[in-house]
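**Student:** Handing you a structure now.
Bear in mind that the values in this text are calculations on the coordinates, not laboratory data. The structure displayed is predicted, hence computed values, not measured ones. Please note: Cβ atoms are built from the backbone with ideal geometry, for glycine as well, and neighbour counts cover all protein chains shown.
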Amino acid sequence: MAASKVFGDDFLTALRALVNVHHSIYRQLPPQGIYFEALVEEAFRSIKKPFTVIASGGRNQPRHDLLVEDTKLSLKTETGLGTHPAAISITKLCTTERDPWEASVLVGRVLEHLSRYDLILMLRAIWKKPLLHYQLLEIPINLLKLLQTAEFKPVGRRKGRQSLGADVFREGLLVFHVHFDGSDGKCQVRNLQIKECDLLLEWDLHLRE
């Protein structure tokens, strides 16, 4: 299914309204995690588009997913004070903490994880007090799969299991950085250029004291 069919104007209007309602209760706090997930569910429910909540199937499975008609969604948020307007960070794309701690094995686990989805929907909040600038965007799964072309090297000075990192290029241009954290086993994506994604909606919200 084309993503535009999943995220039609009616859905975008409903979700924006629900995010604004969220701020009537949590004045200074953008929706994160399960709160954003609940708003996405409610937006689909309000426009009467059928969806199914997919329960977690294990520790390395995401806690919350949606199946909208035949499209599998992963939901992410980035709302910290350091959110960059043009560069996306995904602090936990997935967890890959099982041994062996080798780049080829870790990349394989991430690719397996990504194969469970058709697309990622992310809500981002850029702080410009007294305004909060929201971005709702779609991160292409195929773009993230380019990590399989990267050359990973040890990074940092941690004793024991060392972190691994690599820049990911497409046609000679840097598109993002991948980091496998040796301490907690998380796969992180850094500096993913927003121009590589599909920006669905953006708006400003005036923060109330």
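**Student:** If a residue has to be in a helix (DSSP H, G or I), of a type outside the set (V, I, T) and in contact with a Leu (Cβ under 7 Å, 6 or more places away or on another chain) to count, how many in segment 12-28 make the cut?
**Tutor:** So the first thing to find is which residues in segment 12-28 are in a helix (DSSP H, G or I), and the list is 12-25.
Adding the requirement that they be of a type outside the set (V, I, T) leaves 12, 14-18, 20, 22-24.
Within this subset, residues satisfying the condition of being in contact with a Leu (Cβ under 7 Å, 6 or more places away or on another chain) are 12, 15-16, 18, 20, 22-23.
Matching residues across segment 12-28 total 7.
**Student:** Taking the stated definitions as given, is L123 part of a strand (DSSP E or B) and within 26 Å of I34 (Cα to Cα)?
**Tutor:** Values: part of a strand (DSSP E or B): yes; within 26 Å of I34 (Cα to Cα): yes.
For L123, the condition - part of a strand (DSSP E or B) and within 26 Å of I34 (Cα to Cα) - is met.
**Student:** Name the residue, out of K186, K159, K195, that is in contact (Cβ under 8 Å) with a residue 40 or more places away in the chain, of a type outside the set (G, A, S) and surrounded by fewer than 14 Cβ atoms within 10 Å (Cβ to Cβ). So that I can check it myself, show each step before the final result.
**Tutor:** Numbers: K186 fails: surrounded by fewer than 14 Cβ atoms within 10 Å (Cβ to Cβ); K159 fails: in contact (Cβ under 8 Å) with a residue 40 or more places away in the chain.
After applying the criteria, what remains is K195.
**Student:** Scan segment 86-104 for residues that are more than 19 Å from I120 (Cβ to Cβ) and either surrounded by fewer than 14 Cβ atoms within 10 Å (Cβ to Cβ) or in contact with a helix residue (DSSP H, G or I) (Cβ under 9 Å, 6 or more places away or on another chain) (or both) and report the count.
**Tutor:** Selection size over segment 86-104: 5.
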